[in-house]
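One structure is given here, and the rest of the page talks about it.
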Amino acid sequence: MRKFLWLLIPILILVGCRNSAETNSSPYRVSMYTEPILPIVGDAVVVIRISKAPDNTPINDVQKIAIKADMTHAGMTPVLAETTSGGEDGYYRIPITFTMAGDWVISITATLADGTIVTHSASVAGIAEYVPNFDAIEDCTTILDENSTAEPDCIVEVTEPPLDFGIAP
Amino acid sequence: MTDLLELPFFKQMARWRYGRLLLQIPFTLIALLLIYDGFTGSQHAPENLATVGVWVHYRGILILILLFTGNLFCMGCPFTIPRTLAKRLSKRGKRFPRILRNKSLAIFSLLALFFTYEYLDMWANPALTAWVIIAYFGLSFALEALFTESAFCKYICPLGTFNFVYSALAPTQIRVKNRDVCRDCVGKECINGSYAPQTLIRLDTITVNGESAQKQVIHSPKGTLGCGTELFAPQIKSNLDCTLCLDCVRACPHDNIGWMTRRFGAELSDPSAWSKRWDISFLLIGLAFWGLLNAFGMIPPVYDLMQSLADGLGLTALGWSDEMVELVVFGIIFAVGGVILPSGSMVLAGFLTKMSQPHPLTPSPLHGEGESSAEKTNFTPFLHSVGKGGRGDRGRIRQTIGNFAPAFIPIGFGIWLAHYAFHLLSGLFTIVPTVQFFLIDHNITFLGDTPNWSLGGVDFAVIGVVQLVALMGGFIWSLALVQHISLREFRRDAMLPTLIWGSLVVLLMLVAVWIFAFNDMEMRGTVLFH
């Protein structure tokens, strides 16, 4: 039995060495949604907002925002995109092409002006082949307010006020 | 026929007591790594070794290895290492229950694995994938501790069952070199083993070509166990149930067993190679249907079907959760596509074949279970009239189905290859950034300090060609087998049986073409009913 206990030591060391095991609280908030809000296979735009707590001050001078869009199925080639242009009221727009129907996860890595790296990921589920998958919106049961610390459980994340496009009602 | 174990290196490895262990150790380390990363790594499937390794690379590489070399995965199977430990710990007193000594549990475990894979989106869940690996280790350990034979490998393991069936296509097989040696062998160590608690020495007199020679046989604590799946080497005619553990090679005191080359799929047209049992026939035919079912779960029409079923059965009106409705609907789809359709099709084809014959005394019932066409006797008409087992029509239909069942192996393989090749080739190089991600997460940067996520796979046009070749190859091979078996069994009356069983093969092919060529794959785990 002792032999087996010895085996646990390298495993525990390995786990402890994982960078992802470290947790830190970031003062920055990142949120995103897609345009169209229910995308289909093909071109879309990922709209990202970056702000700083506690008053959600928009951050417009990031060095770079890189996004990696993966399918939830292992082994599918991710779609990569990035922007280095400045933001407007904390919003950044990155064109992207969804190459296949299904569930996607978008991972955002923002490098701020001072070199701080902020990450965030959100799921975009049920991307359909030709017509928007209107079923997907039904899963968006909880719209989080900006002060919430809970994990969003909606498919299309709307944690920021919607953009004002200046279109009269 | 060339004995691959006579090749340098293979020869030493095959006979060395720890030869298999040398192959198992790296597989075991990989399995442990997958469990570790599955639990502690990113739960985002494309970034985790467990999901990428198991559901993309393992499956794709496995199926190619099965075709070109044989059941090498079972040879290096990591799950048998704790099994060996269990063997030493247990008293190994009991046999596996007689009623379960068939493929029914293996069929159930295969279907259960396919079902949970789809229902729980295993392909997107690293922790669950790790649990599956642990379950394998645990089950093989427990069963080996409880029973004398390798019950897990022979009667339960879903992976092994898949490998057993499709290694029938491989150009290799375990065979004896000289049957005369086996005839004179006293101990039959290939199946009984050469293990003994105390050293025993025996002298065997072996006669080959009229010349006798004495051979000293030693049984000792360092001896080898016999075949765990209870295959008797001189009678092996197919790769079914052979884990390529090479225990028989090591145990044989006369160095009379080899890993021989043969033509691809040689056993498929050998009527004596396959038992004509219901369970085996259902397994061979069912696997082709399950290949379609598995691929069907990845195209958009499955969601329309699920919604229609939920609406049609009034499930959406019951106020159940989406997960519950999905469970019921998936259960129905699997029951119909995985059990009713394959079993119904094979029984119907068997019945129609029987009806198609102008007179009841067709040669088919006598073939199989060790009896070939050449062994027919003057008693044939009498035996035909009662069926071999004396059970009349039922026996004849079972024999007919058993004769044609191996013809479904190539098309089934083609379907699985088309599916798994899609995942393997489309994500061929994704293992590189996933490994980089794992290493960087442990501050190891010799493969770079940033994962190269741009590494993807092969162009989809190329994948399409590979899928087409896989499907067409399997289809043509299966059709040729159907014709061969019909001619062998029914001679001048072969046309209708060829049409009946050929139609089933064509039907499978049409569905496969519809799934792979007329639908885009959709990697979706979210199912929402409305």
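Every read-out reported here was derived from the displayed coordinates using simple, explicitly stated rules and does not represent laboratory data. Note that this is a predicted model, so its numbers are computed, not measured. Quick reminder, even Gly has a Cβ in these numbers, built from the backbone with ideal geometry, and neighbours come from all protein chains shown.
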* Structure fact -> Expected sort for B:His219, B:His442 with the fewest Cβ neighbours (10 Å cutoff) up front is B:His442, B:His219
* Using every alpha carbon pair in chain B, what percent of pairs falls into each 20 Å bin from 0 up to the bin containing the largest distance? -> 20, 52, 26, 3, 0
* Structure fact -> The size of the Cβ-based charge dipole (Lys, Arg +1; Asp, Glu -1) of region B:9-171 about the Cα centre, to the nearest 20 debye, is 1240 debye
* Structure fact -> Partner shielding of B:419-431, taken as the mean number of other chain Cβ atoms within 10 Å, equals 2
* **Residue (of B:Tyr195, B:Ala418, B:Leu34) at the positive-pole extreme of chain B, dipole from beta-carbon charges** => B:Tyr195
* **Evaluated over region A:26-139, the Cα radius of gyration and Dmax, each in Å** => 14.3, 42
* **Virtual spin-label span in nm between A:Ile117 and B:Met1, 7 Å along Cα→Cβ** => 5.9 nm
* Starting with the fewest neighbours, write out B:Leu72, B:Leu287, B:Leu100 ranked by other beta-carbon atoms found within 10 Å of each beta-carbon. => B:Leu100, B:Leu72, B:Leu287
* Structure fact -> Here the tail fraction of P(r) beyond 16 Å, over all Cα-Cα pairs of region B:164-230, rounds in percent to 59 percent
* **Debye-sum result for region B:175-293 in log10 I(q)/I(0), which assumes one identical scatterer on each alpha carbon, at q = 0.10, 0.13, 0.20 Å⁻¹** => -0.40, -0.62, -1.11
* **Cβ-based net charge around A:Ala44, under 11 Å, with every Lys or Arg adding one and every Asp or Glu removing one** => -1
* Just rank A:Tyr130, B:Tyr166, fewest to most, by other beta-carbon atoms within 10 angstrom. => A:Tyr130, B:Tyr166
* DSSP H helices in chain B with Cα extent of 18 Å or more along the helix axis and mean Kyte-Doolittle hydropathy at least 1.0? -> B:19-40, B:104-119, B:126-146, B:278-296, B:408-426, B:460-490, B:495-517
* **Label-point separation in nm, B:Ile332 to B:Lys94, each point 7 Å along Cα→Cβ** => 3.9 nm
* Charge dipole (debye, nearest 20) of region B:97-186; +1 at Cβ of Lys and Arg, -1 at Cβ of Asp and Glu -> 460 debye
* **Kirkwood Rh, Cα atoms: Rg over Rh of region A:44-104** => 1.06
* Asked: What is the Cα centroid distance between region B:450-528 and region B:235-277, reported in whole angstrom?
  -> 27 Å
* To do: From other protein chains only, count the Cβ atoms within 10 Å of every residue's Cβ in A:98-108, then give the mean.
  => 4
* **Neighbourhood charge, 13 Å Cβ-Cβ cut-off, centred on B:Ile409 and excluding it, Lys, Arg +1 and Asp, Glu -1** => -2
* Three principal axis lengths of region B:426-530 [C-alpha, angstrom, descending] -> 72, 43, 24
* **Computed Rg/Rh of region B:9-171, alpha carbon atoms with Kirkwood Rh** => 0.97
* Asked: By residue number, which cysteines of chain B lack any other Cys whose Cβ falls under 4.7 Å from their Cβ?
  -> B:Cys74, B:Cys77, B:Cys153, B:Cys157, B:Cys182, B:Cys185, B:Cys227, B:Cys242, B:Cys245, B:Cys252
* Structure fact -> Between B:Arg15 and B:Ser104, the FRET efficiency computed from the C-beta separation at R0 = 41 Å comes out, to the nearest 0.05, as 0.70
* Would you mind checking region B:1-34 for residues with the amide N under 18 Å from a putative spin-label position 7 Å along Cα→C-beta of B:Lys222? => B:12-22
* Structure fact -> Dipole check, region B:404-515, charges on Cβ (K,R +1; D,E -1), about Cα centroid: among B:Thr498, B:Phe437, B:Gly474 the Cα furthest to the positive pole belongs to B:Thr498
